[in-house]
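See structure below.
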Amino acid sequence: MDLSTTHDQDSFRDEIRTWLQENLPWEYGSGLPPRFDDLAEAVEFGRSWQAKLAAARWVGVTWPEDLGGRGVGPVESFIVAEELARARAPELVGRIGVNLVGPTMMHHANAEQKRRWMPKILSAEEMWCQLFSEPDAGSDLASLTTRAIRDGDGYRVTGSKVWTSYAQFADWGLCLARTDPDAPKPQVGISALVVDMHQEGVEVRPLVQLTGEAEFNEVILDNVYVPGDHLIGEEGRGWTVAGSTLSHERGVNPRQLVIHMQLIDELLALALANGAFQNWRNKQLLAQAYTEVRLFQVHNWRSLSRLSKGEDPGPEGSALKLYWSEMSKRLHQSAMEILGPDAPLWAGATGNPGDGEWQRSWLYYQASSIFAGTNEIQRTLIAERVLGLPKS
C-alpha cells in the first residue's frame, strides 16, 4: 500500500481546493449548503451544483476527456471526493450515474452508447437509477424474475424493482432482466438493458423511510418497450455487467469515508461542547469510533492502491462494505450516547426546529447493513471468493 502522493497530485489538490474557495455558493470551511424540506427542491439544487462542477470538469475526473472527464487516475478521483467533503459540499445528486452506471458503461457499452449517454451523466442533465433488486429477490440477484421478451428488434420488459434510489427523478434506469428463462444456470440468460424512465408502462412508487423521506422507490415495469440498441453488452451476459457495477459500489468508497470523517469530527466537537467528553465511558466510545473511522480510511487506501496499479477492486470490496456498514452503526449508537437525554428528541441538542441531524443520520444508517448488498451476502462473498471456503 502506497500512502505517498506525487507533486502533480499535490498540485491537483491545490487546484480543486482553490476552485471550491472561489465557486462555492456557501462559505468555504465553515458554511453549509442550504437545507430543503422538499426532496424535489434538494434535487433541483443538486443538479445545478453538479452542473457547475461538471462544467469545470470536477465530476468523473477519471473519465476520458472526450466524454467530459480529465483522464486522470483513481488517486485524483479520491482527492476530489476528499476536498468536496472538506468544503461541506452535498453528495452528487447524480451519483448513481457517475459512480456506478458510467464506469459500467466504460467497460461494457459500445462507442455509440458511450457518446449518447455518458456526457449527460456528469452534468446531471440526465439522471440515472439502478434497477437491480426485486421484492422477491433482494440481494440474490440470480433469482430475479423481471422478464425481457423479444419484440422485433427490441424487448418488452415486465416485472418490479425495489429500493431504487431517486427513481422518481431519473431519466434512465440500468435494468437487469431475464431474457432466457430456460438457461441452465440462473446467472446465465440475464441481460442489462437501459430503460427510459419516462416510457409508458413505468410506474414509480416512493417508499417512505424511517427518516420520513422517500429517496427509495418501488418501480413497476408493465410491458415496457426497450429498443434493441439499449442492450449493454451481449444478450444473456448481464450478470457480467452487473458484476462491474457492484464491484464499483462496494470497492473504494471515498463518499462514505468522507461522510464518516465529517461525522466523527462533529461528534468529538459535540462531546466537548455538551460536557459528554468528561465521562470515562463516553471517552472510550469516542476513541473506538475515531479509531474505526481511521481504519476505514486505511482500508480505502489499500483498495485505492490496487486501482492505481490498474487492478480491479475485486471481491475484497465486500470486506470494505461489510466493515463500514457495521462501523457506521456503532458510531451512530455512540452518537446517541453522547447526545444523552436529547437522543430521542428530533430537535436535537440545541432544541432548535430543523435540527436533529444526528437523529436523522442514526435512522438513515440503520439501513447500511442492507443497502449495496446485505451483510449476510457480503460474508458469503468473502468466504467463497476471498477465503476460498466451500460454497454453502
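A few remarks follow.
- Scope segment 146-166; condition within 22 Å of Arg205 (Cα to Cα) and touching a Pro at 6+ places or on another chain (Cβ under 9 Å); matching residues: Arg147, Ser160, Lys161, Val162
- Residues in segment 362-384 that are in contact with a helix residue (DSSP H, G or I) (Cβ under 6 Å, 6 or more places away or on another chain), closer than 16 Å to Thr164 by Cα and of a type in the set (A, V, I, L, M): Ala372 only.
- Pairs with Cβ under 6 Å, 6+ apart, first in segment 270-292 and free of Cβ contacts under 8 Å to residues at least 24 places away in the same chain and over 10 Å from Ile338 (Cβ atoms), second loosely packed, with under 15 Cβ neighbours inside 10 Å and among the small types (Gly, Ala, Ser): none
- Residues in segment 367-392 that are loosely packed, with under 14 Cβ neighbours inside 10 Å and at positive phi: Gly388 alone.
- Note on segment 10-52: among residues that are of a type in the set (Lys, Arg) and over 23 Å from Val75 (Cβ atoms), the one that is modelled with the lowest pLDDT is Arg35.
- Given (1) more than 21 Å from Ala372 (Cα to Cα); (2) in a helix (DSSP H, G or I), number of the condition Gly97 does not satisfy: (1)
- All conditions but one from (1) surrounded by fewer than 16 Cβ atoms within 10 Å (Cβ to Cβ); (2) at pLDDT 90 or above; (3) in a helix (DSSP H, G or I) apply to Asp66; the one that does not is (2).
- Figure legend. Inter-residue proximity from segment 41-54: first residues more than 16 Å from Glu126 (Cβ to Cβ), second residues assigned to a helix (DSSP H, G or I), beta-carbon distance below 9 Å, spacing 6+ or different chains. Indicated pairs: Lys52/Asn23.
- Residue within segment 156-163 that is touching a Ser or Thr at 6+ places or on another chain (Cβ under 8 Å), assigned to a loop (DSSP other than H, G, I, E, B) and of a type in the set (Val, Ile, Thr) present: yes
- Subset of segment 172-187 (residues that are surrounded by fewer than 16 Cβ atoms within 10 Å (Cβ to Cβ) and among the hydrophobic types (A, V, I, L, M, F, W, C)): Ala183
- Ala124 vs. criteria touching a strand residue (DSSP E or B) at 6+ places or on another chain (Cβ under 8 Å), buried (at least 18 other Cβ atoms within 10 Å of the Cβ) and closer than 19 Å to Asp171 by Cβ: no
- Sole residue being surrounded by 15 or more Cβ atoms within 10 Å (Cβ to Cβ), of a type in the set (A, V, I, L, M, F, W, C), modelled with pLDDT of 90 or more and not assigned by TED's automatic domain parsing to the domain that holds Arg156, chosen from Leu285, Leu221, Leu246, Leu193: Leu285
- Residues of segment 109-136 that turn out to be in contact (Cβ under 8 Å) with a residue 60 or more places away in the chain and either in contact with a Phe, Trp or Tyr (Cβ under 8 Å, 6 or more places away or on another chain) or under 19 Å from Val61 (Cα atoms) (or both), as a count: 9
- Any hit, segment 23-35, residues being in a helix (DSSP H, G or I) and out of contact with any Cys (no Cβ under 8 Å at 6 or more places or on another chain): yes
- Boolean, Leu193 is in contact with a Cys (Cβ under 6 Å, 6 or more places away or on another chain) and either under 24 Å from Glu235 (Cα atoms) or β-branched (Val, Ile, Thr) (or both): yes
- Which listed residue, of Ala148, Ala109, is among the small types (Gly, Ala, Ser), surrounded by 24 or more Cβ atoms within 10 Å (Cβ to Cβ) and not assigned by TED's automatic domain parsing to the domain that holds Ala56: Ala148
- Inspection of segment 316-329 finds a residue satisfying the criterion of being over 30 Å from Thr62 (Cβ atoms) and modelled with pLDDT of 80 or more.
- Subset of segment 338-375 [modelled with pLDDT of 75 or more and hydroxyl-bearing (Ser, Thr, Tyr)]: Ser361, Tyr364, Tyr365, Ser368, Ser369, Thr374
- Asp66 fulfils the conditions (1) free of Cβ contacts under 8 Å to residues at least 40 places away in the same chain; (2) under 17 Å from the mean Cα position of the chain (by Cα) except for a single criterion, (2).
The values are calculated or read from the model by the stated rules, or taken from the named source; none is laboratory data. Note that the structure is a prediction, hence the values are computed from the model and not measured. Don't worry about glycine lacking a Cβ; one is built from the backbone with ideal geometry, like all the others, and counts go over all protein chains shown.
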